[in-house]
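The values are calculated or read from the model by the stated rules, or taken from the named source; none is laboratory data. Please read all numbers here as calculations on a predicted model, not as lab measurements. A quick note on method: Cβ atoms are made from the backbone with ideal geometry, for glycine too, and the neighbour counts reach across all protein chains shown.
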Amino acid sequence: MKILFLCTANSCRSILCEALFNHLAPQGMKAYSAGSQPKGEVHPLSLRTLEQAGISTGGLFSKSSDVHAELAPDFVITVCDKAAGEACPVFFGPAIKAHWGLADPSEYRGTQEEIEAAFEATLEQIKTRIEAFLALPLPQLGAEQLRAELALIGTL
């Protein structure tokens with residue numbers, strides 16, 4: 001099972017999702033990430049936050065969704081922040097799609113400690129959502145049920 005996490009810059013949120021999902025997921029599930037306007041580098045605090053949580057950062061890089069043209073994911077989850085007026089990327093291929101909006105921690109303004117706390121809080125929110133996803137009885141749910149469950153998880 002393949003899951004593609006999409007956001008705008010692919011330097012924070014979708015990268016955190018990819019790394020954490022792959023850290024928590026059982027064998028046979030794999031996450032990928034991409035951005036509609038990739039920055040070309042992973043935010044240093046994304047890497048630091050993952051490393052401090054004991055999550056591998058190996059192989060993470062900022063990339064366009066074009067890199068995954070042949071991926072054929074089962075699920076596509078956008079993590080951009082529509083509430084902040086951010087344009088979310090669109091995936092046109094066949095997949096079960098959901099939106100798990102997250103504020104961009106790299107846009108947070110404050111002290112260094114407050115900014116680091118924003119990255120940590122984002123990672124915790126992602127963990128809550130991924131754990132809820134992994135707890136779903138996936139083989140027993142139809143596509144519409146899956147969409148509904150994923151929408152609910154996006155509110156956690």
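Which ones in segment 1-29 are surrounded by fewer than 24 Cβ atoms within 10 Å (Cβ to Cβ), charged (D, E, K, R) and under 12 Å from the mean Cα position of the chain (by Cα)?
Hit for segment 1-29 is Glu18, nothing else.
Yes or no, residue by residue, for (1) modelled with pLDDT under 95; (2) touching a Leu at 6+ places or on another chain (Cβ under 9 Å); (3) among the charged types (D, E, K, R):
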| residue | (1), (2), (3) |
| --- | --- |
| Glu86 | yes, no, yes |
| Val90 | yes, yes, no |
| Ser106 | yes, yes, no |
| Ile115 | no, yes, no |
| Glu120 | no, no, yes |
| Ile126 | no, yes, no |
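Please specify each residue of segment 122-137 satisfying the condition of being in contact (Cβ under 8 Å) with a residue 12 or more places away in the chain and part of a helix (DSSP H, G or I).
Listed by number, the residues that qualify are Thr122, Leu123, Gln125, Ile126, Lys127, Thr128, Arg129, Ile130, Glu131, Ala132, Phe133, Leu134.
Can you say whether Gly154 is at pLDDT 95 or above and at positive phi, as far as the supplied structure shows?
no
Condition first: modelled with pLDDT of 90 or more and either among the charged types (D, E, K, R) or closer than 17 Å to Arg13 by Cβ (or both). Now tell me which residues in segment 53-69 satisfy that.
Ala53, Ile55, Thr57, Leu60, Phe61, Ser62, Lys63, Ser64
Looking only at residues that are assigned to a loop (DSSP other than H, G, I, E, B) and of a type in the set (A, V, I, L, M, F, W, C) in segment 30-69, which one is surrounded by the fewest Cβ atoms within 10 Å (Cβ to Cβ)?
Ala69
Tell me which of these Ala95 doesn't satisfy, since it passes every other one: (1) modelled with pLDDT of 95 or more; (2) aliphatic (A, V, I, L, M); (3) crowded, with 16+ Cβ neighbours inside 10 Å.
Result: Ala95 passes all but (1).
Condition check: in contact (Cβ under 8 Å) with a residue 12 or more places away in the chain, of a type in the set (A, V, I, L, M, F, W, C) and farther than 21 Å from Leu156 by Cα. Does Phe61 satisfy that?
For Phe61, the condition - in contact (Cβ under 8 Å) with a residue 12 or more places away in the chain, of a type in the set (A, V, I, L, M, F, W, C) and farther than 21 Å from Leu156 by Cα - is met.
I need every pair where a residue in segment 28-46 that is at positive phi has its Cβ under 9 Å from the Cβ of a residue that is surrounded by 17 or more Cβ atoms within 10 Å (Cβ to Cβ) and among the basic types (Lys, Arg), sequence separation at least 6 or different chains.
Gly40/Lys63
Does at least one position in segment 88-110 carry a residue that is hydrophobic (A, V, I, L, M, F, W, C), touching a Cys at 6+ places or on another chain (Cβ under 7 Å) and touching a residue at least 40 places away in the same chain (Cβ under 8 Å)?
The answer is yes, given that some residue of segment 88-110 is hydrophobic (A, V, I, L, M, F, W, C), touching a Cys at 6+ places or on another chain (Cβ under 7 Å) and touching a residue at least 40 places away in the same chain (Cβ under 8 Å).
Right, Ala72: part of a helix (DSSP H, G or I), of a type in the set (A, V, I, L, M) and farther than 19 Å from Thr8 by Cβ or not?
So Ala72 does not fit the description; no.
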